[in-house]
Every structure is written in structure tokens, then in C-alpha cells.
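The values are calculated or read from the model by the stated rules, or taken from the named source; none is laboratory data. Bear in mind the structure is a predicted one, so any value in this text is a computation, not a measurement. Note that each Cβ is placed from the backbone with ideal geometry, even for glycine, and that neighbours are counted across all protein chains shown. Ligands, DNA and RNA are excluded from the accessible area calculation, which covers all protein heavy atoms including side chains. Shrake-Rupley method; radii C 1.70, N 1.55, O 1.52, S 1.80 Å.
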Amino acid sequence: MKALLLIGTDFKVLDIAIPLIAVLVVFAFIAIISLTIYFLILFRKNRKFYFEKEEVSANEFKRLEKFEDQRNDFELEIAKIKKIKRERNK
């Protein structure tokens, strides 16, 4: 029953009747191409990142990023300690 509905359904654009199945095939084709390109970009290996104007690998970039986060956290802790120390000296 549903197959008959797909075959018999037409879109009328201006004076042209386009079958529903043709529209669905075109959109499916576009979706497949888009997803393929997306996954190729997403899972591309040996990507190069730039960290402080130097080209590094993805693993090295992650390691450097973690190190920078830890350094920032450490600097915040030092600033808190200095603030407490200044408050006590007053």
C-alpha cells in the first residue's frame, strides 16, 4: 500500500510533474555525498596542527594543550595563594 503511494505521488513545479521517488533519490544522493565528505574530514589521519607558530601532530597538540591547561590552573592557584598572603600581611 505504501509503495503505491510513493509511485503515485507527484510534485508539480510550474508545469512539470516530478515523482516523489525522484526527489527522494536526489536528496538521498546529496546526503550520502555530504556524509562521506564529513567523515573523510573528521577521520583524516596525520592531521597537522599549529601550536605557537609550529606545526605539530595531533597527539603532540593534545599533549601540549593539556600541559597549557595545567599551567594555567597552576598560575591561578599561585595567584590565590599570593592574594591570601597579602590579606594576612595587612
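Key figures for this structure:
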item	result
Nearest 10 degrees, 0 to 90: helix 58-89 Cα axis against the chain principal axis	40
Expected 222 nm ellipticity per residue - DSSP helices of 4 or more, -39500 (n - 2.57), all of the chain, to 500	-24000 deg cm²/dmol
Geometric extent, Cα atoms of the chain - Rg, Dmax (angstrom)	29.1, 87
Whole-number percent relative contact order across the chain, with pairs defined as alpha carbons under 8 Å at least 6 apart	11
Carbon/sulfur fraction of accessible area - the chain, other protein chains in place, 1.4 Å, %	64
Average accessible surface area per residue within the chain, 1.4 Å rolling probe, Å²	99
In degrees, nearest ten, helix 20-42 long axis to first principal axis of the chain (Cα)	20
Listed residues F11, Y38, V25: farthest to the positive end of the dipole of the chain (Cβ charges)	Y38
Solvent-accessible area of D15 with every protein chain in place, 1.4 Å probe, in Å² to the nearest 10	150
